[in-house]
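Chemist: Take this structure first; my questions come after.
The values are calculated or read from the model by the stated rules, or taken from the named source; none is laboratory data. Keep in mind that this is a model prediction, so the values were computed, not measured. So basically every Cβ, Gly included, is an ideal-geometry build from the backbone, and we count neighbours across all protein chains shown.
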């Protein structure tokens, strides 16, 4: 035997009141901030200066002109340049060469 379907009536949703929140006065907040700041111990400043290096680099496009690449290759063979690293900037590849001092 098949069971009969019974239509169920939904009950209305009762909204509850939100709990009341006390507003904090700005005077108490400022006093707390001043108290914390007064208790803070000053720390020594750390020098984050970059160290000066004698290294200087030349930047050339990785897939540039053949004439320029031949000139760079000659400088590398002579010992004036040394390949350092490869970098990418805005979908362009660059070879960085370190200038060798003699």
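Chemist: Just to be sure before I move on: is residue 100 modelled with pLDDT under 90 and loosely packed, with under 11 Cβ neighbours inside 10 Å in the structure I sent? Break it down stepwise before answering.
Modeler: On the way: modelled with pLDDT under 90: yes; loosely packed, with under 11 Cβ neighbours inside 10 Å: no.
Spelling it out, it is not the case that residue 100 is modelled with pLDDT under 90 and loosely packed, with under 11 Cβ neighbours inside 10 Å.
Chemist: Follow-up question, since we're still on this one. Considering only segment 60-91, how many residues are surrounded by fewer than 11 Cβ atoms within 10 Å (Cβ to Cβ) and part of a strand (DSSP E or B)?
Modeler: 4
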